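Reviewing the structure listed below.
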Amino acid sequence: NNTFAHNLAKPTSPSGIFCGLNTGTLYNTIVWSKHYKISQVSTSNCTFKSSNVQGYTGGTGNKNEDPKFTSTYSLGTSSGLFDAGTATSLPTNLDILNNPRPDTTGLKKVDMGAYEVK
């Protein structure tokens, strides 16, 4: 459950995540930028699941839609990312502000990103 938002980079460089030498799976992660038409994300060694990555449509349970961030990068009230994540991979049942996630057994959905809003 990570949020990478509005990172700045050169137009030919990734502006969100670069998985060059390491491999990994990112769950419930948001990668979104308003600075370029499409966020450039290196997905060669990354796997995204139940995530929202601008310009990326592969993977399992992923979306490519505006998260409608608030000024604090939590999800806006009209975001389609509420309850769109998966709880099966959560390392903790708390979000970045120590707010509880609804369920860590995988039976309920969690919000995508670093903040649990609802």
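The values are calculated or read from the model by the stated rules, or taken from the named source; none is laboratory data. In this text, all values refer to a predicted model and were calculated from it rather than measured experimentally. All Cβ positions, even for glycine, are placed from backbone atoms using ideal geometry, and neighbour counts span all protein chains on display. To get the accessible areas, we keep the full protein, side chains included, count just its heavy atoms, and leave off ligands, DNA and RNA. Shrake-Rupley method; radii C 1.70, N 1.55, O 1.52, S 1.80 Å.
Sorted by accessible area with a 1.4 angstrom probe, largest first, how do Ile30, Ile96 fall?
Numbers: Ile30 0, Ile96 110 Å².
Ranking Ile30, Ile96 by accessible area, largest first, yields Ile96, Ile30.
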Sequence-distant residues sharing a close amide H with Leu94 (under 5 Å, placed H): Arg101
Check which residues have an amide H placed less than 5 Å from Leu26's amide H, if you skip close sequence neighbours. Thr47, Phe48, Lys49
Hey, got the Cα dimensions of the range 49-118 along the principal axes, in Å, largest first? 29, 29, 16
Inter-site label distance for Thr77 and Leu94 at 7 Å from Cα along Cβ, in nm: 2.9 nm
